[in-house]
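Right, one structure below, let's go through it.
The values are calculated or read from the model by the stated rules, or taken from the named source; none is laboratory data. Treat the numbers as computed from the prediction; the structure is a model and nothing was measured. Here Cβ is always computed from backbone atoms with ideal geometry, including for glycine, and neighbour counts include all displayed protein chains. When the accessible area is computed, the model is the full protein with side chains, heavy atoms only, and any ligands, DNA or RNA have been set aside. Shrake-Rupley method; radii C 1.70, N 1.55, O 1.52, S 1.80 Å.
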Amino acid sequence: MAILGTLLKKGIMLRESLEQLYTSPLDLQKQELRNLLIHCQNTQFGKAYQFDNILTSFKGDQDDFYKSFTANVPIYDYDKLYDEWWHLAKEGQKDVCWPGKIKYFALSSGTSGASSKYIPITRDMVKSIRKTSMRQILTMSKYDLPASLFSKGILMLGGSTDLKKSGHYFEGDLSGITAAQIPFWFQHFYKPGKRIAKTKDWNDKLEEIVKKAPDWDIGIIVGVPAWLQIMMEKVIEKYQLKTIHDIWPNLQIFVHGGVSFEPYKRGFEKLLSKPLYYMETYLASEGFIAFQAYPNRKSMRLVLNNGIFYEFVPFKESNFDDDGKLIPGAETLKINEVEENKEYALLITTNAGAWRYMIGDVIKFTSIEETEIVITGRTKLFMSLCGEHLSLDNMNKAIELVEDELKIDVREFTLLGDRSGSLFAHHWYIGTDDSVDKEEVKERIDFHLKELNDDYKVERGSALKEIRVSILPTQIFYQWMESQGKVGSQNKFPRVLKKEKAQLWKNFLIDQNISTS
(Lines give C-alpha, C1' and ligand atoms only; values in the text may rest on other atoms or scores of the structure.)
Protein backbone atom coordinates (compact mmCIF):
# COMPACT_ATOMS: atom_id res chain seq x y z
CA MET A 1 0.00 0.00 0.00
CA ALA A 2 2.90 2.40 0.61
CA ILE A 3 4.04 1.92 -2.99
CA LEU A 4 0.42 2.56 -4.04
CA GLY A 5 0.75 6.08 -2.65
CA THR A 6 3.64 6.74 -5.02
CA LEU A 7 1.70 5.29 -7.95
CA LEU A 8 -1.29 7.47 -7.12
CA LYS A 9 0.83 10.58 -7.27
CA LYS A 10 1.82 9.57 -10.81
CA GLY A 11 -1.82 9.20 -11.83
CA ILE A 12 -1.67 5.47 -12.59
CA MET A 13 -4.96 4.09 -14.02
CA LEU A 14 -6.23 0.53 -14.46
CA ARG A 15 -6.94 -0.79 -17.97
CA GLU A 16 -10.66 -0.92 -17.16
CA SER A 17 -10.68 2.78 -16.23
CA LEU A 18 -8.93 3.71 -19.47
CA GLU A 19 -11.30 1.48 -21.43
CA GLN A 20 -14.33 3.25 -19.97
CA LEU A 21 -12.72 6.64 -20.57
CA TYR A 22 -12.14 6.06 -24.29
CA THR A 23 -14.99 3.73 -25.35
CA SER A 24 -18.64 4.62 -25.93
CA PRO A 25 -20.97 3.56 -23.10
CA LEU A 26 -23.16 1.55 -25.50
CA ASP A 27 -20.21 -0.40 -26.90
CA LEU A 28 -19.00 -1.22 -23.38
CA GLN A 29 -22.45 -2.32 -22.25
CA LYS A 30 -23.13 -4.35 -25.41
CA GLN A 31 -19.89 -6.25 -24.87
CA GLU A 32 -20.71 -6.74 -21.17
CA LEU A 33 -24.11 -8.26 -21.95
CA ARG A 34 -22.61 -10.46 -24.66
CA ASN A 35 -20.02 -11.80 -22.21
CA LEU A 36 -22.68 -12.53 -19.59
CA LEU A 37 -24.87 -14.36 -22.10
CA ILE A 38 -21.96 -16.44 -23.44
CA HIS A 39 -20.92 -17.37 -19.91
CA CYS A 40 -24.45 -18.49 -18.99
CA GLN A 41 -25.86 -19.99 -22.19
CA ASN A 42 -25.61 -23.53 -20.76
CA THR A 43 -27.17 -22.72 -17.38
CA GLN A 44 -30.75 -23.66 -16.60
CA PHE A 45 -31.75 -20.02 -16.99
CA GLY A 46 -29.82 -19.63 -20.25
CA LYS A 47 -31.45 -22.68 -21.80
CA ALA A 48 -34.93 -21.64 -20.66
CA TYR A 49 -34.60 -18.22 -22.30
CA GLN A 50 -32.65 -19.32 -25.39
CA PHE A 51 -29.45 -17.37 -24.82
CA ASP A 52 -27.93 -19.04 -27.89
CA ASN A 53 -30.59 -17.39 -30.07
CA ILE A 54 -30.14 -14.00 -28.34
CA LEU A 55 -26.41 -14.17 -29.03
CA THR A 56 -26.95 -14.44 -32.80
CA SER A 57 -28.65 -11.02 -32.70
CA PHE A 58 -25.36 -9.36 -31.75
CA LYS A 59 -24.29 -9.72 -35.40
CA GLY A 60 -27.23 -7.63 -36.60
CA ASP A 61 -28.06 -3.92 -36.46
CA GLN A 62 -27.06 -1.89 -33.44
CA ASP A 63 -30.35 -2.31 -31.55
CA ASP A 64 -31.08 -5.93 -32.51
CA PHE A 65 -29.27 -7.39 -29.50
CA TYR A 66 -31.37 -5.40 -27.04
CA LYS A 67 -34.66 -6.11 -28.81
CA SER A 68 -33.88 -9.84 -28.71
CA PHE A 69 -32.77 -9.73 -25.07
CA THR A 70 -35.88 -7.90 -23.85
CA ALA A 71 -38.20 -10.02 -26.00
CA ASN A 72 -36.84 -13.26 -24.55
CA VAL A 73 -35.98 -12.46 -20.92
CA PRO A 74 -38.66 -11.09 -18.56
CA ILE A 75 -38.11 -8.44 -15.90
CA TYR A 76 -37.70 -9.80 -12.39
CA ASP A 77 -38.05 -8.43 -8.89
CA TYR A 78 -36.53 -10.31 -5.97
CA ASP A 79 -39.59 -12.40 -5.11
CA LYS A 80 -40.11 -13.59 -8.68
CA LEU A 81 -36.43 -14.37 -9.31
CA TYR A 82 -36.04 -16.17 -5.98
CA ASP A 83 -39.24 -18.18 -6.30
CA GLU A 84 -38.51 -19.27 -9.87
CA TRP A 85 -34.73 -19.66 -9.87
CA TRP A 86 -32.54 -18.56 -6.96
CA HIS A 87 -34.14 -20.96 -4.49
CA LEU A 88 -32.81 -23.81 -6.65
CA ALA A 89 -29.24 -22.54 -6.22
CA LYS A 90 -29.87 -22.09 -2.50
CA GLU A 91 -30.95 -25.74 -2.33
CA GLY A 92 -27.62 -26.81 -3.83
CA GLN A 93 -28.39 -27.17 -7.53
CA LYS A 94 -25.61 -26.09 -9.88
CA ASP A 95 -25.73 -24.10 -13.12
CA VAL A 96 -28.99 -22.37 -12.24
CA CYS A 97 -28.53 -18.70 -13.18
CA TRP A 98 -24.73 -18.75 -13.15
CA PRO A 99 -22.29 -21.61 -13.89
CA GLY A 100 -21.41 -23.86 -10.95
CA LYS A 101 -22.75 -23.89 -7.40
CA ILE A 102 -23.38 -20.76 -5.37
CA LYS A 103 -21.26 -20.91 -2.22
CA TYR A 104 -22.31 -17.60 -0.64
CA PHE A 105 -25.59 -15.75 -0.16
CA ALA A 106 -25.67 -12.18 1.13
CA LEU A 107 -28.52 -11.42 3.52
CA SER A 108 -30.17 -8.15 2.66
CA SER A 109 -33.36 -6.66 4.04
CA GLY A 110 -33.21 -3.77 1.57
CA THR A 111 -34.97 -0.72 2.98
CA SER A 112 -38.59 -1.56 2.43
CA GLY A 113 -39.07 -5.34 2.61
CA ALA A 114 -40.15 -7.09 5.79
CA SER A 115 -37.91 -10.17 5.64
CA SER A 116 -34.34 -10.94 4.65
CA LYS A 117 -33.45 -11.49 1.01
CA TYR A 118 -30.90 -14.08 -0.07
CA ILE A 119 -28.72 -12.56 -2.80
CA PRO A 120 -26.27 -14.95 -4.56
CA ILE A 121 -22.60 -13.97 -4.42
CA THR A 122 -20.26 -15.61 -6.93
CA ARG A 123 -16.46 -15.61 -7.20
CA ASP A 124 -16.81 -13.51 -10.33
CA MET A 125 -18.84 -10.93 -8.41
CA VAL A 126 -16.26 -10.76 -5.60
CA LYS A 127 -13.52 -10.24 -8.21
CA SER A 128 -15.56 -7.45 -9.80
CA ILE A 129 -16.05 -5.76 -6.43
CA ARG A 130 -12.28 -5.87 -5.81
CA LYS A 131 -11.55 -4.42 -9.25
CA THR A 132 -14.00 -1.56 -8.82
CA SER A 133 -12.66 -0.91 -5.32
CA MET A 134 -9.17 -0.57 -6.78
CA ARG A 135 -10.48 1.75 -9.47
CA GLN A 136 -11.93 3.99 -6.78
CA ILE A 137 -8.70 3.91 -4.79
CA LEU A 138 -6.76 5.00 -7.87
CA THR A 139 -9.05 8.02 -8.34
CA MET A 140 -7.45 9.36 -5.17
CA SER A 141 -4.66 10.69 -7.41
CA LYS A 142 -7.09 13.58 -8.02
CA TYR A 143 -7.14 14.41 -4.29
CA ASP A 144 -4.58 16.48 -2.42
CA LEU A 145 -3.31 13.61 -0.28
CA PRO A 146 0.18 12.73 0.97
CA ALA A 147 1.64 9.41 -0.23
CA SER A 148 2.13 8.51 3.44
CA LEU A 149 -1.65 8.16 3.86
CA PHE A 150 -1.46 4.79 2.14
CA SER A 151 0.72 3.34 4.86
CA LYS A 152 -2.04 4.03 7.43
CA GLY A 153 -4.78 1.72 8.64
CA ILE A 154 -8.15 1.38 6.91
CA LEU A 155 -11.00 0.79 9.36
CA MET A 156 -13.90 -1.02 7.70
CA LEU A 157 -16.95 -1.25 9.92
CA GLY A 158 -18.93 -4.08 8.37
CA GLY A 159 -20.69 -7.34 9.10
CA SER A 160 -19.20 -10.40 10.78
CA THR A 161 -16.77 -12.47 8.71
CA ASP A 162 -17.80 -15.53 10.77
CA LEU A 163 -20.37 -16.61 8.21
CA LYS A 164 -23.21 -18.97 9.06
CA LYS A 165 -23.03 -22.38 7.37
CA SER A 166 -26.48 -23.34 6.11
CA GLY A 167 -26.37 -26.69 4.33
CA HIS A 168 -24.81 -26.10 0.90
CA TYR A 169 -23.84 -22.45 1.39
CA PHE A 170 -22.60 -19.74 3.74
CA GLU A 171 -24.76 -16.73 4.53
CA GLY A 172 -23.98 -13.31 5.97
CA ASP A 173 -23.70 -9.61 5.26
CA LEU A 174 -21.99 -8.72 1.95
CA SER A 175 -19.35 -6.71 3.83
CA GLY A 176 -18.63 -9.80 5.93
CA ILE A 177 -18.37 -12.06 2.87
CA THR A 178 -15.97 -9.73 1.05
CA ALA A 179 -13.90 -8.93 4.17
CA ALA A 180 -13.43 -12.64 4.79
CA GLN A 181 -11.77 -12.87 1.37
CA ILE A 182 -9.52 -9.79 1.41
CA PRO A 183 -6.20 -10.30 -0.44
CA PHE A 184 -3.16 -11.11 1.69
CA TRP A 185 -1.34 -7.88 0.81
CA PHE A 186 -4.22 -5.83 2.27
CA GLN A 187 -4.43 -7.63 5.62
CA HIS A 188 -1.68 -5.53 7.23
CA PHE A 189 -3.71 -2.35 6.70
CA TYR A 190 -7.17 -3.79 7.34
CA LYS A 191 -8.76 -2.91 10.68
CA PRO A 192 -10.32 -4.06 12.96
CA GLY A 193 -8.43 -7.21 11.91
CA LYS A 194 -9.55 -10.80 11.45
CA ARG A 195 -10.30 -11.61 15.11
CA ILE A 196 -12.57 -8.64 15.80
CA ALA A 197 -14.14 -8.86 12.33
CA LYS A 198 -15.43 -12.34 13.20
CA THR A 199 -17.39 -11.03 16.20
CA LYS A 200 -21.10 -11.54 15.56
CA ASP A 201 -22.55 -9.34 18.31
CA TRP A 202 -22.48 -5.70 17.20
CA ASN A 203 -22.08 -4.24 20.70
CA ASP A 204 -19.24 -6.65 21.51
CA LYS A 205 -17.50 -5.73 18.26
CA LEU A 206 -17.89 -2.03 19.07
CA GLU A 207 -16.32 -2.50 22.51
CA GLU A 208 -13.38 -4.39 21.00
CA ILE A 209 -12.81 -1.60 18.46
CA VAL A 210 -12.92 1.04 21.20
CA LYS A 211 -10.30 -0.91 23.22
CA LYS A 212 -7.94 -1.21 20.25
CA ALA A 213 -8.41 2.35 18.96
CA PRO A 214 -5.23 3.78 20.60
CA ASP A 215 -3.12 1.07 18.95
CA TRP A 216 -4.14 1.99 15.42
CA ASP A 217 -3.07 4.80 13.10
CA ILE A 218 -6.20 5.15 10.98
CA GLY A 219 -6.16 7.12 7.72
CA ILE A 220 -9.40 5.94 6.10
CA ILE A 221 -12.74 4.86 7.57
CA VAL A 222 -15.37 2.92 5.63
CA GLY A 223 -18.98 2.21 6.57
CA VAL A 224 -22.55 3.38 7.09
CA PRO A 225 -22.60 6.92 8.63
CA ALA A 226 -24.88 6.15 11.61
CA TRP A 227 -22.78 3.26 12.96
CA LEU A 228 -19.43 4.96 12.32
CA GLN A 229 -20.66 8.02 14.18
CA ILE A 230 -21.67 5.89 17.15
CA MET A 231 -18.27 4.19 17.10
CA MET A 232 -16.39 7.52 17.04
CA GLU A 233 -18.52 8.93 19.86
CA LYS A 234 -17.69 5.90 22.01
CA VAL A 235 -13.95 6.29 21.32
CA ILE A 236 -14.09 10.00 22.17
CA GLU A 237 -16.04 9.31 25.38
CA LYS A 238 -13.80 6.41 26.49
CA TYR A 239 -10.56 8.36 26.18
CA GLN A 240 -12.00 11.77 27.12
CA LEU A 241 -11.04 13.38 23.81
CA LYS A 242 -12.31 16.50 22.11
CA THR A 243 -12.39 14.98 18.60
CA ILE A 244 -11.54 11.72 16.85
CA HIS A 245 -8.42 13.41 15.43
CA ASP A 246 -6.95 13.47 18.93
CA ILE A 247 -6.47 9.72 18.66
CA TRP A 248 -6.29 9.31 14.85
CA PRO A 249 -4.51 12.49 13.66
CA ASN A 250 -3.94 11.08 10.16
CA LEU A 251 -7.61 10.36 9.46
CA GLN A 252 -8.37 12.04 6.13
CA ILE A 253 -10.98 10.04 4.19
CA PHE A 254 -14.46 8.73 4.92
CA VAL A 255 -15.85 6.26 2.36
CA HIS A 256 -19.60 5.88 2.76
CA GLY A 257 -22.62 4.51 0.94
CA GLY A 258 -26.02 2.93 1.32
CA VAL A 259 -27.75 6.07 2.60
CA SER A 260 -27.56 9.82 1.99
CA PHE A 261 -24.80 11.32 4.12
CA GLU A 262 -26.20 14.85 4.16
CA PRO A 263 -28.61 14.43 7.12
CA TYR A 264 -25.72 13.03 9.19
CA LYS A 265 -23.06 15.52 8.12
CA ARG A 266 -23.68 18.24 10.70
CA GLY A 267 -23.42 15.89 13.70
CA PHE A 268 -20.57 13.90 12.13
CA GLU A 269 -18.39 16.97 11.66
CA LYS A 270 -18.73 17.91 15.33
CA LEU A 271 -16.48 14.90 16.02
CA LEU A 272 -13.66 16.18 13.79
CA SER A 273 -10.96 18.82 14.27
CA LYS A 274 -10.22 19.11 10.54
CA PRO A 275 -12.16 18.39 7.34
CA LEU A 276 -12.28 14.94 5.75
CA TYR A 277 -12.63 13.99 2.13
CA TYR A 278 -15.98 12.26 1.68
CA MET A 279 -16.08 9.53 -0.97
CA GLU A 280 -19.43 7.99 -1.86
CA THR A 281 -19.84 4.44 -3.14
CA TYR A 282 -22.80 2.63 -4.64
CA LEU A 283 -22.04 -0.90 -3.46
CA ALA A 284 -25.21 -2.98 -3.17
CA SER A 285 -25.53 -6.65 -2.27
CA GLU A 286 -26.15 -7.20 -5.98
CA GLY A 287 -22.91 -5.55 -7.13
CA PHE A 288 -20.59 -2.52 -7.12
CA ILE A 289 -22.54 -0.15 -9.35
CA ALA A 290 -20.85 3.26 -9.10
CA PHE A 291 -18.29 5.28 -7.17
CA GLN A 292 -17.32 8.90 -6.69
CA ALA A 293 -14.55 9.59 -9.19
CA TYR A 294 -13.81 13.25 -8.39
CA PRO A 295 -13.42 15.28 -5.20
CA ASN A 296 -16.05 17.92 -4.46
CA ARG A 297 -18.65 16.22 -6.65
CA LYS A 298 -21.79 14.66 -5.28
CA SER A 299 -22.21 12.39 -8.30
CA MET A 300 -20.77 8.92 -8.93
CA ARG A 301 -19.31 7.24 -12.01
CA LEU A 302 -21.44 4.33 -13.26
CA VAL A 303 -19.20 1.28 -13.80
CA LEU A 304 -19.94 0.05 -17.32
CA ASN A 305 -17.39 -2.71 -17.89
CA ASN A 306 -17.12 -4.88 -14.81
CA GLY A 307 -19.79 -7.57 -14.77
CA ILE A 308 -23.05 -5.57 -14.85
CA PHE A 309 -25.41 -4.67 -17.71
CA TYR A 310 -27.84 -1.84 -16.94
CA GLU A 311 -31.32 -0.97 -18.11
CA PHE A 312 -33.26 2.12 -17.15
CA VAL A 313 -37.00 2.42 -16.51
CA PRO A 314 -38.34 6.01 -16.57
CA PHE A 315 -39.71 6.56 -13.05
CA LYS A 316 -43.18 7.82 -13.88
CA GLU A 317 -46.81 6.83 -13.40
CA SER A 318 -47.08 5.06 -16.74
CA ASN A 319 -44.43 2.56 -15.58
CA PHE A 320 -45.11 2.21 -11.83
CA ASP A 321 -48.22 1.82 -9.67
CA ASP A 322 -48.92 3.63 -6.41
CA ASP A 323 -46.97 1.01 -4.42
CA GLY A 324 -43.85 1.46 -6.55
CA LYS A 325 -44.33 -1.82 -8.42
CA LEU A 326 -43.48 -2.07 -12.09
CA ILE A 327 -46.47 -2.11 -14.44
CA PRO A 328 -46.45 -4.87 -17.11
CA GLY A 329 -45.18 -3.56 -20.43
CA ALA A 330 -43.15 -0.76 -18.78
CA GLU A 331 -40.74 1.13 -21.01
CA THR A 332 -37.07 0.17 -20.63
CA LEU A 333 -34.06 2.00 -22.06
CA LYS A 334 -30.40 1.18 -22.61
CA ILE A 335 -27.49 3.44 -21.74
CA ASN A 336 -27.51 5.47 -24.99
CA GLU A 337 -31.20 6.36 -24.62
CA VAL A 338 -31.22 8.06 -21.20
CA GLU A 339 -31.40 11.81 -20.59
CA GLU A 340 -29.86 14.02 -17.95
CA ASN A 341 -31.90 15.12 -14.91
CA LYS A 342 -34.64 12.53 -15.40
CA GLU A 343 -35.28 9.79 -12.86
CA TYR A 344 -34.86 6.12 -13.75
CA ALA A 345 -35.34 2.90 -11.83
CA LEU A 346 -32.43 0.51 -12.36
CA LEU A 347 -32.59 -2.97 -13.85
CA ILE A 348 -29.35 -4.94 -13.61
CA THR A 349 -28.01 -8.13 -15.14
CA THR A 350 -24.94 -9.33 -13.25
CA ASN A 351 -22.17 -11.91 -12.99
CA ALA A 352 -23.87 -13.30 -9.89
CA GLY A 353 -26.91 -14.54 -11.79
CA ALA A 354 -29.30 -11.58 -11.56
CA TRP A 355 -31.17 -11.12 -14.86
CA ARG A 356 -33.12 -7.95 -15.67
CA TYR A 357 -33.40 -7.53 -11.91
CA MET A 358 -35.26 -4.58 -10.40
CA ILE A 359 -32.84 -3.55 -7.67
CA GLY A 360 -35.27 -0.95 -6.29
CA ASP A 361 -33.09 2.16 -6.55
CA VAL A 362 -33.95 5.32 -8.49
CA ILE A 363 -31.12 7.30 -10.06
CA LYS A 364 -30.64 10.44 -12.11
CA PHE A 365 -27.87 11.18 -14.62
CA THR A 366 -26.02 14.41 -13.89
CA SER A 367 -23.69 13.90 -16.87
CA ILE A 368 -24.38 11.63 -19.85
CA GLU A 369 -20.89 12.23 -21.26
CA GLU A 370 -19.18 11.02 -18.08
CA THR A 371 -21.98 8.60 -17.05
CA GLU A 372 -22.21 10.32 -13.66
CA ILE A 373 -25.28 9.58 -11.51
CA VAL A 374 -26.84 10.42 -8.17
CA ILE A 375 -29.23 8.19 -6.23
CA THR A 376 -32.52 10.01 -5.70
CA GLY A 377 -34.55 7.35 -3.90
CA ARG A 378 -36.17 3.93 -3.99
CA THR A 379 -39.07 2.74 -6.10
CA LYS A 380 -40.97 1.89 -2.90
CA LEU A 381 -39.40 4.48 -0.58
CA PHE A 382 -41.51 7.45 -1.53
CA MET A 383 -44.68 8.96 -0.14
CA SER A 384 -47.68 9.59 -2.34
CA LEU A 385 -50.94 9.25 -0.43
CA CYS A 386 -52.83 11.64 -2.67
CA GLY A 387 -50.51 12.59 -5.52
CA GLU A 388 -47.83 14.51 -3.59
CA HIS A 389 -45.05 12.28 -5.04
CA LEU A 390 -42.58 12.99 -2.26
CA SER A 391 -39.21 11.42 -3.12
CA LEU A 392 -36.44 10.33 -0.78
CA ASP A 393 -34.31 13.10 -2.27
CA ASN A 394 -36.99 15.67 -1.27
CA MET A 395 -37.07 14.30 2.29
CA ASN A 396 -33.30 14.29 2.74
CA LYS A 397 -32.96 17.82 1.40
CA ALA A 398 -35.75 19.20 3.60
CA ILE A 399 -34.19 17.68 6.73
CA GLU A 400 -30.76 19.01 5.76
CA LEU A 401 -32.19 22.54 5.36
CA VAL A 402 -34.02 22.33 8.70
CA GLU A 403 -30.81 21.21 10.43
CA ASP A 404 -28.93 24.18 9.01
CA GLU A 405 -31.67 26.67 9.86
CA LEU A 406 -32.32 25.53 13.42
CA LYS A 407 -28.69 24.54 14.16
CA ILE A 408 -29.71 21.05 15.23
CA ASP A 409 -28.36 17.57 14.53
CA VAL A 410 -31.01 15.19 13.15
CA ARG A 411 -29.41 11.75 13.44
CA GLU A 412 -32.38 9.74 12.11
CA PHE A 413 -35.87 10.33 10.76
CA THR A 414 -38.72 8.43 9.17
CA LEU A 415 -42.06 9.30 7.58
CA LEU A 416 -45.41 7.50 7.84
CA GLY A 417 -48.63 8.14 5.95
CA ASP A 418 -51.79 8.51 8.01
CA ARG A 419 -55.41 9.64 7.88
CA SER A 420 -56.77 13.02 8.90
CA GLY A 421 -60.51 12.53 9.01
CA SER A 422 -61.54 11.71 5.46
CA LEU A 423 -58.29 13.20 4.11
CA PHE A 424 -54.57 12.47 4.60
CA ALA A 425 -51.65 13.32 6.87
CA HIS A 426 -47.87 12.92 6.97
CA HIS A 427 -46.35 11.94 10.31
CA TRP A 428 -42.64 12.71 10.70
CA TYR A 429 -40.60 11.06 13.45
CA ILE A 430 -37.46 13.13 14.03
CA GLY A 431 -34.50 11.69 15.94
CA THR A 432 -32.45 14.38 17.65
CA ASP A 433 -30.88 14.85 21.06
CA ASP A 434 -30.98 18.63 20.75
CA SER A 435 -33.65 20.78 22.35
CA VAL A 436 -36.07 21.88 19.66
CA ASP A 437 -39.62 23.20 19.20
CA LYS A 438 -41.54 20.54 17.26
CA GLU A 439 -43.99 23.14 15.90
CA GLU A 440 -41.08 25.05 14.41
CA VAL A 441 -39.64 21.84 12.93
CA LYS A 442 -43.05 21.01 11.43
CA GLU A 443 -43.45 24.47 9.91
CA ARG A 444 -39.95 24.45 8.36
CA ILE A 445 -40.22 20.92 6.93
CA ASP A 446 -43.55 21.84 5.36
CA PHE A 447 -42.17 25.11 3.99
CA HIS A 448 -39.14 23.49 2.36
CA LEU A 449 -41.10 20.61 0.85
CA LYS A 450 -43.45 23.11 -0.77
CA GLU A 451 -40.41 24.82 -2.27
CA LEU A 452 -38.84 21.53 -3.41
CA ASN A 453 -41.91 19.77 -4.80
CA ASP A 454 -44.77 21.41 -6.73
CA ASP A 455 -47.05 18.36 -6.39
CA TYR A 456 -46.62 18.47 -2.62
CA LYS A 457 -47.47 22.18 -2.60
CA VAL A 458 -50.67 21.57 -4.58
CA GLU A 459 -51.81 18.70 -2.36
CA ARG A 460 -51.14 20.68 0.84
CA GLY A 461 -53.93 22.94 -0.34
CA SER A 462 -56.31 20.04 -0.86
CA ALA A 463 -56.08 16.37 0.17
CA LEU A 464 -52.92 16.45 2.32
CA LYS A 465 -54.61 18.16 5.24
CA GLU A 466 -52.18 17.74 8.12
CA ILE A 467 -48.46 17.46 8.96
CA ARG A 468 -47.55 15.86 12.29
CA VAL A 469 -44.13 15.80 13.94
CA SER A 470 -42.86 13.72 16.86
CA ILE A 471 -39.43 14.49 18.33
CA LEU A 472 -37.70 11.40 19.70
CA PRO A 473 -34.32 10.66 21.29
CA THR A 474 -31.96 9.22 18.69
CA GLN A 475 -31.47 6.08 20.75
CA ILE A 476 -35.11 5.10 20.19
CA PHE A 477 -34.41 4.54 16.49
CA TYR A 478 -31.43 2.29 17.21
CA GLN A 479 -33.36 0.38 19.87
CA TRP A 480 -36.07 -0.35 17.31
CA MET A 481 -33.47 -1.58 14.83
CA GLU A 482 -31.99 -3.82 17.51
CA SER A 483 -35.46 -5.22 18.23
CA GLN A 484 -35.67 -6.09 14.52
CA GLY A 485 -32.23 -7.74 14.53
CA LYS A 486 -30.88 -4.99 12.27
CA VAL A 487 -28.24 -3.31 14.42
CA GLY A 488 -24.81 -2.36 13.06
CA SER A 489 -23.11 -3.46 9.83
CA GLN A 490 -24.85 -2.30 6.64
CA ASN A 491 -28.29 -1.81 8.19
CA LYS A 492 -30.07 1.51 7.77
CA PHE A 493 -33.22 2.93 9.34
CA PRO A 494 -35.92 3.15 6.62
CA ARG A 495 -36.80 6.73 5.68
CA VAL A 496 -40.38 5.70 4.87
CA LEU A 497 -42.36 3.09 6.79
CA LYS A 498 -45.42 1.51 5.19
CA LYS A 499 -47.92 -1.23 6.02
CA GLU A 500 -46.44 -3.95 8.30
CA LYS A 501 -43.28 -2.01 9.13
CA ALA A 502 -45.26 1.11 9.99
CA GLN A 503 -47.42 -0.87 12.39
CA LEU A 504 -44.35 -2.52 13.96
CA TRP A 505 -42.88 0.95 14.58
CA LYS A 506 -46.10 2.24 16.15
CA ASN A 507 -46.38 -0.85 18.37
CA PHE A 508 -42.77 -0.46 19.45
CA LEU A 509 -43.34 3.15 20.52
CA ILE A 510 -46.43 2.09 22.50
CA ASP A 511 -44.41 -0.66 24.22
CA GLN A 512 -41.77 1.96 25.11
CA ASN A 513 -44.51 4.21 26.60
CA ILE A 514 -43.56 6.94 24.16
CA SER A 515 -46.23 9.48 23.34
CA THR A 516 -46.20 10.75 19.76
CA SER A 517 -49.19 13.05 19.94
Residue, surrounded by the fewest Cβ atoms within 10 Å (Cβ to Cβ), within the stretch 152-167, restricted to residues that are over 9 Å from Ala197 (Cα atoms) and in contact with an Asp or Glu (Cβ under 7 Å, 6 or more places away or on another chain): Lys164
query: Does Ile102 meet the test of being open to solvent by less than 20 Å² (accessible area, probe 1.4 Å), touching a Ser or Thr at 6+ places or on another chain (Cβ under 7 Å), assigned to a loop (DSSP other than H, G, I, E, B) and at pLDDT 90 or above?
result: yes
query: Quick one: is Gly110 open to solvent by less than 40 Å² (accessible area, probe 1.4 Å), modelled with pLDDT of 95 or more and either of a type in the set (Val, Ile, Thr) or at positive phi (or both)?
result: no
The stretch 502-517 - residue that is in a loop (DSSP other than H, G, I, E, B) and in contact with a helix residue (DSSP H, G or I) (Cβ under 9 Å, 6 or more places away or on another chain) and, of those, surrounded by the fewest Cβ atoms within 10 Å (Cβ to Cβ): Ser515
- prompt: Out of the stretch 45-90, which residues are among the aliphatic types (A, V, I, L, M) and farther than 15 Å from Pro120 by Cβ?
  reply: Ala48, Ile54, Leu55, Ala71, Val73, Ile75
- request: Keeping to the stretch 210-229, report how many residues are part of a helix (DSSP H, G or I), at pLDDT below 95 and farther than 19 Å from Lys274 by Cα.
  value: 2
- request: Quick one: which residue in Ser108, Ser68, Ser141 is of a type in the set (S, T, N, Q) and under 26 Å from Lys205 (Cα atoms)?
  value: Ser108
- line: In the stretch 64-94, anything acidic (Asp, Glu) and loosely packed, with under 14 Cβ neighbours inside 10 Å is listed as Asp79, Asp83, Glu91
- request: Within the stretch 349-357, identify whether any single residue is part of a strand (DSSP E or B) and either open to solvent by 10 Å² or more (accessible area, probe 1.4 Å) or closer than 26 Å to Arg460 by Cα (or both), and answer yes or no.
  value: no
- request: Considering each residue of the stretch 248-270, count those that are out of contact with any Lys or Arg (no Cβ under 7 Å at 6 or more places or on another chain), under 15 Å from Ile218 (Cα atoms) and either in contact (Cβ under 8 Å) with a residue 12 or more places away in the chain or assigned to a helix (DSSP H, G or I) (or both), and give that number.
  value: 6
- request: Mind counting the residues in the stretch 456-472 that are open to solvent by less than 70 Å² (accessible area, probe 1.4 Å) and assigned to a helix (DSSP H, G or I)?
  value: 3
message: Quick check on Thr122: is it at pLDDT 95 or above, under 27 Å from the mean Cα position of the chain (by Cα) and among the polar types (S, T, N, Q)?
response: yes
- prompt: Would a scan of the stretch 427-442 turn up a residue that is of a type in the set (Gly, Ala, Ser) and not in a strand (DSSP E or B)?
  reply: yes
query: Among Gly158, Gly153, which is the only one that is under 17 Å from the mean Cα position of the chain (by Cα) and in contact (Cβ under 8 Å) with a residue 24 or more places away in the chain?
result: Gly158
task: Can you give me the number of residues within the stretch 481-501 that are open to solvent by less than 10 Å² (accessible area, probe 1.4 Å) and outside any loop (DSSP other than H, G, I, E, B)?
output: 3
query: Can you name every residue in the stretch 385-397 that is open to solvent by less than 20 Å² (accessible area, probe 1.4 Å) and more than 20 Å from Asp361 (Cβ to Cβ)?
result: Glu388
field: Of residues in the stretch 401-424 being open to solvent by 30 Å² or more (accessible area, probe 1.4 Å) and part of a helix (DSSP H, G or I), the one farthest from Pro314 (Cα to Cα)
entry: Leu406
message: Residue under question is Leu21, and the condition is that it be open to solvent by less than 30 Å² (accessible area, probe 1.4 Å) and either aliphatic (A, V, I, L, M) or within 21 Å of Lys117 (Cα to Cα) (or both); does it hold?
response: no
field: Flag if Lys200 is touching a residue at least 40 places away in the same chain (Cβ under 8 Å), farther than 24 Å from Gln292 by Cβ and either among the charged types (D, E, K, R) or assigned to a strand (DSSP E or B) (or both)
entry: yes
message: Considering only residues that are within 18 Å of Phe65 (Cα to Cα), part of a loop (DSSP other than H, G, I, E, B) and open to solvent by less than 60 Å² (accessible area, probe 1.4 Å), which ones fall in the stretch 293-342?
response: Leu304, Asn305, Gly307, Thr332, Lys334, Val338
- request: Can you give me the number of residues within the stretch 443-455 that are open to solvent by 10 Å² or more (accessible area, probe 1.4 Å), in contact (Cβ under 8 Å) with a residue 24 or more places away in the chain, part of a helix (DSSP H, G or I) and not basic (Lys, Arg)?
  value: 3
field: Residue in the stretch 264-283 that is under 17 Å from the mean Cα position of the chain (by Cα), open to solvent by less than 10 Å² (accessible area, probe 1.4 Å) and farther than 29 Å from His87 by Cβ present
entry: yes
task: Would you be able to say whether some residue in the stretch 358-366 is surrounded by fewer than 23 Cβ atoms within 10 Å (Cβ to Cβ), closer than 20 Å to Tyr264 by Cβ and in contact (Cβ under 8 Å) with a residue 60 or more places away in the chain?
output: no
